[in-house]
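K.L.:
My questions will all concern the structure given below.
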Amino acid sequence: MRFTDSRVYDAPPSEVWAVVSDPDLYAEVAPNLSRVEVLDGEGEGMVRECADTDGNAWQETCTRWEPERGYAVTVHVPESEFHRRLFHTFTGEWNVTETDEGVRVTMTFKYDPRYGPVGWLLGRLLEREATGLTAAIFDGWEQALRERGALATATGATAGAADG
């Protein structure tokens, strides 16, 4: 299953990348997170630990790092109490793409739910919550771009789109 959401910013790609790839800022703007800490490395192969607002922590490894284009992480599901209860696998991907309208940032979360059809249904329910989370993240990045003087406008917000 997959959940995707995106927003277009009227800002230089390098500024958008600086905001999207900043783990400290991600922890600030994601309402479900209390902390994102890089444990080892940088770029592809980097290992970071995230903690949610309920105190659950997990590690993830960066599997793709293309400066000013995007990055992806794979959650260490077997080591995460939260993730292993719901998913066989869980990945996240953040892409930065120049378009005629501006710079589009796309977040995609791919996961393989546990529990067959029941897990699929739970996944759909989580996606409803994810739409609010991604909107808050996009708003936070927009504010950071505005504070840096890099943002002209934000356009093209799209509601979360999911597919099975």
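K.L.:
Which of Leu133, Leu121, Leu145 comes first, and how do the rest follow, when ranked by fewest Cβ neighbours within 10 Å?
P.N.:
On the way: Leu133 20, Leu121 12, Leu145 23.
Placing the least packed residue first, the sequence is Leu121, Leu133, Leu145.
K.L.:
A further question on this structure: Report the charge-dipole magnitude of the range 2-163 in Debye, nearest 20, computed about the Cα centre from +1 at each Lys and Arg Cβ and -1 at each Asp and Glu Cβ.
P.N.:
Details: 15 positive and 29 negative charges, 123 e Å.
The calculated dipole for the range 2-163 is roughly 600 debye.
K.L.:
Test of understanding: ordering Asp24, Asp10 by Cβ neighbours within 10 Å, fewest first, what list do you get? Display every interim value, and only then the final one.
P.N.:
On the way: Asp24 11, Asp10 16.
Ordered by Cβ neighbours within 10 Å, fewest first: Asp24, Asp10.
K.L.:
Gap in Å between the Cα centre of the range 95-155 and the Cα centre of the range 9-69?
P.N.:
Each part's Cα centre sits 13 Å from the other's.
K.L.:
Among Leu121, Val75, Thr91, pick out the residue whose Cα is farthest towards the positive end of the charge dipole of the range 53-143, where Lys and Arg carry +1 and Asp and Glu carry -1 on C-beta, about the Cα centre.
P.N.:
Leu121
K.L.:
Continuing with this model, one more query. Given the -39500 (n - 2.57) contribution per DSSP H run of 4+ residues, what per-residue ellipticity at 222 nm results for the chain, rounded to the nearest 500 deg cm²/dmol?
P.N.:
Values: 4 runs with 53 residues, N = 164.
Computed mean residue ellipticity for the chain: -10500 deg cm²/dmol.
K.L.:
Same structure again: Rounded if a/c is under 1.5, else prolate if a/b beats b/c, else oblate: with a ≥ b ≥ c from the C-alpha gyration tensor eigenvalues square-rooted, which is the range 20-67? Numbers along the way, then the final one.
P.N.:
Working: a/c = 2.61, a/b = 1.55, b/c = 1.68.
Oblate shape, in that a/c is at least 1.5 and b/c is the bigger or equal ratio.
K.L.:
Still on this structure, I have one more. Treat each spin label as a single point 7 Å out from the Cα along the C-beta direction, and report the Glu147 to Arg2 distance in nm.
P.N.:
Computed distance between label sites Glu147 and Arg2 equals 3.3 nm.
K.L.:
Right, something else. Counting other C-beta atoms within 10 Å, which of Asp100, Asp40, Asp139 has the fewest, and how do the rest follow? If you can, show how the numbers build up before the last one.
P.N.:
Details: Asp100 5, Asp40 11, Asp139 15.
If I rank by nearby Cβ atoms, fewest first, I get Asp100, Asp40, Asp139.
K.L.:
Quote the Stokes-Einstein diffusion coefficient, in whole µm² s⁻¹, for the range 1-140, based on the Kirkwood radius over alpha carbon pairs, a temperature of 4 °C and a viscosity of 1.567 mPa s.
P.N.:
83 µm²/s
K.L.:
For the range 23-86, what is the charge dipole size about the Cα centre, in debye to the nearest 20, if Lys and Arg each add +1 at the Cβ and Asp and Glu each add -1 at the Cβ? Mind dumping the intermediate values first?
P.N.:
Values: 6 positive and 14 negative charges, 52 e Å.
With Lys and Arg at +1 and Asp and Glu at -1, about 240 debye.
Quick note: the coordinates plus some simple rules give every number you see, no bench work behind them. Since the structure is predicted, the reported quantities are computational estimates derived from the model, not experimental observations. When we count neighbours, we look across all protein chains shown, and the Cβ atoms used for this are built from the backbone with ideal geometry, even at glycine.
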